[in-house]
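The values are calculated or read from the model by the stated rules, or taken from the named source; none is laboratory data. Keep in mind the model is a prediction, meaning the values are calculated, not measured. Positions of Cβ are backbone-derived with ideal geometry, glycine not excepted, and every protein chain shown enters the neighbour counts. Keep in mind that these areas ignore ligands, DNA and RNA; they rest on the heavy atoms of the full protein, side chains included. Shrake-Rupley method; radii C 1.70, N 1.55, O 1.52, S 1.80 Å.
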Amino acid sequence: MDEEVNPDHENVNSVLAQDSIELFHILSSQSHSVIMELCQMMPSEAWHQYQVDPSSSSATARPELIKTMLDYFRSASARKCRNFLQRVCFSCENIPMLLESRLMSVAGYDSNSYENSSPAVTDQNSSPPFLEQRLVKRPRIDHWQQYISEVEKCLLKRWKQLTAGLVREVQLENVWVSPRAANRSRDRPDQTPSSADRGGRTPEPDGDYGYLESRVTLETFLQGCLGKVTVLVGKTGSGKTLLTSCLGQQWASGLGPVPSSFVFVLLEFRQLNLLSRPLSLSELLFQYYLPPTGGEDAKRAIIDYLLTNPEQSCWVLDGYDEFHSKLSKKEVQRKPLHLEDPLPVADLISGLLNRQILPGSTVLVTCRVRDLIDLDGISDKVGQLLGWDQDEIKEYVDNFFGAKADVALREQAAQLLLSSRHLLAMSSIPALCNICCICLEHLLLQWRDKLAPTSPQVPATLTQVYLTVLGSFLSRDPNHGGDGSAVTTLTILSQYQSELCELSRLAWTGLEESKILFLKEEIPQEVLKFSLRIGLLSQVELRRQDGILASAYCFIHLTVQEFLAALRIMTSNDVNDAQLKKRFSLKTRWTSKSDQKTVFTDSLYLYVCGLASSQCTPALVELAKVSGSVQSWVQKRQDLVLKLLKTMCNSNTLTGPKILQLCHSVQESQNHQLAKQVFGVRPKLELRNIWLLPNDIEALAFVVNSADQNDIGLDFGACSMELECLIVLARCQGIHNLSFHSRKYGDKFAEKLSSVLPKFTSLRKLEFSGASLTATGAASLASGLQGCPHITEINLSDNNLRDEGISYIAEIFTKLQNLSNVVLGRNSTTLNAVDCLIKTMSSCLNIQHVHADGIKDLTVTFFQKSDMNSLLNQNWNKSEMQKLAESLARCPALSVLEAYDTDKIRMNRIATICSSVEGLVVLTALLSDYPPVMELHIRYTHASNLSNHSCNKGLKKLLDFLPRLCKIQEINASNNDINMEGVVMLAGALCSYNTLTEIHISGGGKEEVSLKFCPDERVKDSSILPSDMTKVCRKLVQSRFHWELELSQCSLTDEAIGNLLKVLPKMTSLQRLNNTGLQLTHFCLKGDHLKKLLEILQQGPQLSDLEYDLSNNRLTQQGLLAVANTLCTCANVSGVEVSLGEEEQCFIWFRQSETREKSLRVREGSLKREHLVRLAEIVSSCPHLTKVELNHSLLEQTEDFLQLLSSNQSGCVFSIEERWIGAEKAVGLMCRCLQLNSNIQTVSIHQNTLHLIKSTELTTDSLVDCAVNGYQLASIESVIPSCPFLTELDFSHNILGVEGAEFLCSNMNLYLGWCKMLHTVNKHLFTMELFCCSLSHCVLPGGLQLIEALGQCVILEDLCLDSVLLNEESRMCLARALRNINSICRLRLSKNLISDQSGEKLLEALKDCSHLEELCLSDNTLGNLTAARMALIFPSLTHLSVLTSVGTSELCAVVASLAHCPLIQEVGLGWNNCRDEVALEVARVLPFCHTLTQIDLECNSLSVSGAEALLKALRFCPALQLIRLWKNKIFEGDVHRLALRDRRMNFSST
């Protein structure tokens, strides 16, 4: 044996010397027992020589022991060295395969050569245990290496077969991958033996499957994949299978990231699909991958070695997207699975991925992006294959056509491909690039042979491209002389009808059964030969369940199968409508765990939509002939597809990805009418978190450019897109609002965007917020925006523009005349940016408002003149305030400036917060140059740190400055800790300045202190001492001007009140006194104080126009009556209001005017019998009392109170609200009122409130919303005959039913009988109201009888039948009745189920009602007939003033007729879905409607064009007060702009 291993001294020892460092690290990781066993191989004298103790077990001594051993055996004899290396190989774990093979080879097999140098070994005849291990381990290695060699040969053979005929060489260093964050959402048990040399996995940061923002080569990406689960994703046809084979070829050649000592196992999921029975790992490896040549011994040895060294295996699992099963998502078990236990294939693969099998092995899985969700929490690395860029595509085209030695054809093909968006997008996928080249060759040959137009034309849609591709492959059939030339697509399709019919049937069957592989027996032989001949099918080799190899076939690409399946749908009646509808659905780009697994690309519905276009009809008709279908059937199927697509277009619940797919579908259909409907229901399209490609934007552009309106909005949020997408986006016309929100968008993106911005000719609003824009990007955008003259709004907030970026944007203000709003907040700016904007105001006079709030908000609003600046939270010091003042001085148009929480200045309103009195001095210097200041707000930033003296000093400086502010309207010095000394100063100022007439003081000056030019001085929330009260009042007595005094929520002692009462008579200028919430000693105002106050109030005329507030002073019922009695005792008391409820209130009003009307209101009075008597005396004896309101005060004594009233209160209105009034009690109360009082003009009960008007005769009787039932009206019937002058009945909002209808009819007939006796025609019954009554079962006889009775009321003026459900007969009867009632003035017929035909009859009946003033027909089913009739009769209704809710969108003629209604005041055209033409007609007639005050156009379909037309017309309509435009198709930006131009344009819901 020694000769076999070449036991050369230099050889053995030199190998040990070369590998000593690696052996040192390996031995350092071994157990203590292994080290001790190796130490025993050294003689004891050697240890003495090295002065090392071999028995030491300390961790510090361990490295020295290992180093000593290696040094000794490096210089020992060859035999000792070999024995040592043998023992290392058999005793140590985790030795790399290459090193172990090298050491075993040099150490040899000879057991007899073992030289026992260990003193511990005494039995010379026994074999050491490691020798027995050696006899087992070495054969394992031999079988392992032999199996690796066999796998290498297999993979090299596979690679040679796959690369035969490849146009482009495959090199891993030229394949680009985008790393994506692996989503490890749950922990997996990591049973890797060692992280050091078995590829321990370092978890990457958690995250979603991110965007393709970076790229590396596949070679780089696979570095560090050993011991990890790596997932490589890519589109179908992107070359995943080819790349895995390339990886195997590189391994077999000793190259690539997988060491050659590993075993490389390449399994395809399409193969695993055929394995239905449970398998063990050894069965999977040796039956369906590669059996070893050494028989069962070899299998056992290989499996044993694999179990011992799982880290030396690499498993490549290709095509998980084709796997029929889903990987198990059960909780991973901690214990490993037994490899010899048979398991279902899915569980076997799950065990491998979850480290239950072969922990530490290297695993690479390929799949598509949407399958990543199944690998959630499993993968350590994820990378996505990137498509080819234009350079790679051009290289492939050159290689494809270069082989044909036709240079001209090659150049034309490259040019044609790069000019077509569809071909370019397809060619980014390698497999489809080959198909595109075949298609281009066909097109160019057609063009060359003059069978095509003057220049080759690429089809407009993807579907038409595939139709051309199909013709291209068919033209290659050599049996028909096919060389790809001289045959048009339609001609060749007709030649191969039967073959295409079979192929489409096969494709559809596969789609239905989720099959992409077809066995030989599943395909007709002729069709199979034909398909292989022309290249539409490709062959693959699979191993069946029984282990026998078999051929299977698949279409050259999944999209080809899906296209042929779509042809089947559109040409064969074998596929019914239900099957079509099942397959027709939009697919989102977001995958969820609940999605059903499918192998297909979900392109079927796109091709179906494309085949529904008229351009594809001739081809479909030709192919349908084989199935027996005719042209009409094909067109019917196309119509069905378009109908389904239309439904999707009108849906307003689609998410962004589905809307994008909808755009693709509509583009394929080439139907512009459908494209219009996409934006008809969603004028603004929001796309979020989508990877956008140029062909996506092109589909979007097709839909946008087909839309009618030019107010479309596109909002891109966190969508990754290539810069080329912006070039395509510029093709979108009619874009009104363009928004980008994401940190993905930076300066480069802005630079590209700026180059295309001028192409958006309709752009009104640009948002570039929440992005990564800096000053560089701002400069680019500013340059591009100068080419957008119609832009009105710009939002660049939440970027990083800084001051420099703000200056770039400010420079374009003067160049964009239509700007209305620019938002620049949260951009890391300083005060310099604010100063820059203020300076810009001097040259840009259309700035209306600059608003700056710290770092949060920075907004510029534009209009025709400057108005206001708000500068908040800026913290200016004195020098900065001076700088600001200088900038403001250069703004002649400035009128308002706010600067809260800093130094706050407003011209026309000046507000400043100063940190010192000196800052205030700077402000006054500015004010001296600007006398038109109207408001001044002041607050010290650190008032709590300033003394009262400093605050009072600042206040004094301001008061001294007052004479120079001739237009001042307000000074606010609140929250400045001013004390009572300052209050006295303010009182003195009130007397000194004739324009200062209102001072508000709260908290004794510590809180609110404001001076206004309104007649009022208030002191709130103050504890005023008697001496302070005297000082303040003495100052106020000196005032020569009218003023008001309010002492709100002040704590006054008896002495303070006494001082106030002494001085009140001397305040000759006092107009109003308010001591709301006086906190007196006993919280009760009574006795001498109350008496004294009332005496003072009656002393002189100077206290007229005084409001006296005694709220919150615990008045009792006696106090209530005392205050109420002032109505009788004090002539100038005009009103008293008292509430004794929780919110206690007491007000007395004094008025000086010609009118002497008085009113009394008592709430929550809880009055008893004795109180009622006194209250009735006060009311009965009070002259000029016109209104009495008693709310929840009489309890159930209402009838008693009415009995106590005298009969001389003619014209007085009584309102009595009690909770018990309702239903039958309400009817009883009404009857009692009529019996008790003969001088009542009106008696009505609305809900739980009784209303009475005293007069000489009853004219109105009503019970409204009292929950009255019809049968309860019987008691009124006996009372009504005693009311001959009754003119109005109102029973609205009740449930009358049949009994109520009979009651009404009988009483009307009774009135008619009286009228006949009096020889009149019911001259008193002017109003009959049935508003919102539920007349159940009255739609037949009762309702008809009621309408017939109404027809006899020929002088009826007001008729309201809202919500009365009339049948058709009753409606016709109503039309006849209206012909007799020429006196009708107001007619309300809302919610009557009036049809268009009935409406026309009713309108015809109104043509002679020349007195009609108001007509309401809302909430009916009216239509064009009614509208047309309106247009005819309105010119004759010259008194018409109110028209509401017509009910149809065709209203142009109706609007035009309004020009003939000179008294029209209100027009309601809302909720009719009217479009701009109606708005234009309204704008035309508005100048002719001089009395029109309000027009309602809300909830229609008006665009900004219609609204602007109305705006222009408003200039000629001074009387018009309001145009309601809520809920129309007008963008928010336009709403703001239009509302600013004329406030009468109301876009709110209120």
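The table that follows gives values for the structure above.
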{"item": "The lone exception for Ile1347 - which of (1) buried (at least 19 other Cβ atoms within 10 Å of the Cβ); (2) in contact with a strand residue (DSSP E or B) (Cβ under 9 Å, 6 or more places away or on another chain); (3) among the hydrophobic types (A, V, I, L, M, F, W, C) it fails", "result": "(2)"}
{"item": "Residues located in the range 663-705, provided they are closer than 26 Å to Gly1533 by Cα, open to solvent by 10 Å² or more (accessible area, probe 1.4 Å) and not basic (Lys, Arg)", "result": "Gln677, Gly680, Val681, Pro683, Glu686, Asn689, Phe702, Asn705"}
{"item": "Residue in the range 836-843 that is open to solvent by less than 20 Å² (accessible area, probe 1.4 Å), in contact with a Lys or Arg (Cβ under 6 Å, 6 or more places away or on another chain) and not charged (D, E, K, R) present", "result": "no"}
{"item": "Residue within the range 369-389 that is open to solvent by 20 Å² or more (accessible area, probe 1.4 Å), among the basic types (Lys, Arg) and closer than 22 Å to Asn174 by Cβ present", "result": "yes"}
{"item": "Residue among Ser56, Ser14 that alone is open to solvent by less than 60 Å² (accessible area, probe 1.4 Å) and at pLDDT 85 or above", "result": "Ser14"}
{"item": "Listing of helices (runs of 4 or more DSSP H) fully contained in the range 509-591 that carry 2 or more residues being farther than 25 Å from Arg476 by Cβ and either aliphatic (A, V, I, L, M) or touching a strand residue (DSSP E or B) at 6+ places or on another chain (Cβ under 9 Å) (or both)", "result": "577-583"}
{"item": "Every residue from the range 21-58 that is of a type in the set (Gly, Ala, Ser) and within 26 Å of Glu100 (Cα to Cα)", "result": "Ser28, Ser29, Ser31, Ser33"}
{"item": "Residues being touching a helix residue (DSSP H, G or I) at 6+ places or on another chain (Cβ under 6 Å) and among the polar types (S, T, N, Q) - total across the range 375-427", "result": "2"}
{"item": "Pairs, first closer than 18 Å to Pro54 by Cα and touching a residue at least 24 places away in the same chain (Cβ under 8 Å) in the range 70-88, second assigned to a helix (DSSP H, G or I) and among the basic types (Lys, Arg), C-beta under 7 Å, six or more apart", "result": "Phe73/Lys80"}
{"item": "Checklist (1) at pLDDT 90 or above; (2) farther than 30 Å from Leu692 by Cα; (3) in contact with a Gly (Cβ under 7 Å, 6 or more places away or on another chain) applied to Leu232, failing item", "result": "(2)"}
{"item": "Where Ala61 falls short, out of the listed (1) touching a Phe, Trp or Tyr at 6+ places or on another chain (Cβ under 9 Å); (2) closer than 16 Å to Gln30 by Cα", "result": "(1)"}
{"item": "Residues within the range 1356-1387 that are in a loop (DSSP other than H, G, I, E, B), touching a strand residue (DSSP E or B) at 6+ places or on another chain (Cβ under 7 Å) and open to solvent by 40 Å² or more (accessible area, probe 1.4 Å), tallied", "result": "1"}
{"item": "Scan of the range 1366-1388 for residues that are farther than 12 Å from Glu1348 by Cα, within 51 Å of the chain's Cα centre (by Cα) and modelled with pLDDT of 80 or more, ordered by number", "result": "Cys1385, Arg1386, Leu1387, Arg1388"}
{"item": "Those residues of the range 1109-1141 which are within 53 Å of the chain's Cα centre (by Cα) and either at pLDDT 80 or above or open to solvent by 10 Å² or more (accessible area, probe 1.4 Å) (or both), in sequence order", "result": "Asn1112, Glu1137, Val1138, Ser1139, Leu1140, Gly1141"}
{"item": "Leu726 vs. criteria under 25 Å from the mean Cα position of the chain (by Cα), within 21 Å of Leu687 (Cα to Cα) and open to solvent by less than 20 Å² (accessible area, probe 1.4 Å)", "result": "yes"}
{"item": "Residue within the range 745-766 that is among the basic types (Lys, Arg) and more than 27 Å from Lys684 (Cβ to Cβ) present", "result": "no"}
{"item": "So Asn1392, is it modelled with pLDDT under 80, open to solvent by 10 Å² or more (accessible area, probe 1.4 Å) and either among the charged types (D, E, K, R) or in a loop (DSSP other than H, G, I, E, B) (or both)", "result": "no"}
{"item": "Within the range 1482-1498, considering residues that are open to solvent by 30 Å² or more (accessible area, probe 1.4 Å) and without any contact (Cβ under 8 Å) to a residue 40 or more places away in the chain, the one nearest to the chain's Cα centre (by Cα)", "result": "Gln1494"}
{"item": "Within the range 533-557, considering residues that are of a type in the set (A, V, I, L, M, F, W, C) and under 23 Å from Thr601 (Cα atoms), the one most open to solvent (accessible area, probe 1.4 Å)", "result": "Ile556"}
{"item": "Qualifying residue in the range 579-602 (condition: small (Gly, Ala, Ser) and modelled with pLDDT of 85 or more)", "result": "no"}
{"item": "Some residue of the range 424-438 being in a loop (DSSP other than H, G, I, E, B), among the small types (Gly, Ala, Ser) and at pLDDT below 90", "result": "no"}
{"item": "Only listed residue being open to solvent by 60 Å² or more (accessible area, probe 1.4 Å), farther than 15 Å from Val151 by Cβ and out of contact with any strand residue (DSSP E or B) (no Cβ under 7 Å at 6 or more places or on another chain), chosen from Ser276, Ser280", "result": "Ser276"}
{"item": "Every residue from the range 1429-1444 that is open to solvent by 10 Å² or more (accessible area, probe 1.4 Å), in contact with a Ser or Thr (Cβ under 9 Å, 6 or more places away or on another chain) and not β-branched (Val, Ile, Thr)", "result": "Ala1431, Leu1432, Pro1435, Ser1436, His1439, Ser1441"}
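Here's the yes/no breakdown for (1) over 24 Å from Leu1378 (Cβ atoms); (2) open to solvent by 30 Å² or more (accessible area, probe 1.4 Å); (3) assigned to a loop (DSSP other than H, G, I, E, B):
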{"residue": "Glu1400", "(1), (2), (3)": "no, yes, no"}
{"residue": "Leu1403", "(1), (2), (3)": "no, no, no"}
{"residue": "Ala1427", "(1), (2), (3)": "no, no, no"}
{"residue": "Ser1449", "(1), (2), (3)": "yes, yes, yes"}
{"residue": "Ile1464", "(1), (2), (3)": "no, no, yes"}
{"residue": "Val1467", "(1), (2), (3)": "no, no, no"}
{"residue": "Leu1480", "(1), (2), (3)": "yes, yes, no"}
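Yes/no per residue for (1) crowded, with 21+ Cβ neighbours inside 10 Å; (2) at negative phi; (3) in a helix (DSSP H, G or I); (4) not charged (D, E, K, R):
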site	(1), (2), (3), (4)
Ser238	yes, yes, no, yes
Gly248	yes, yes, yes, yes
Gly254	no, no, no, yes
Ser261	no, yes, no, yes
Phe264	yes, yes, no, yes
Leu267	no, yes, no, yes
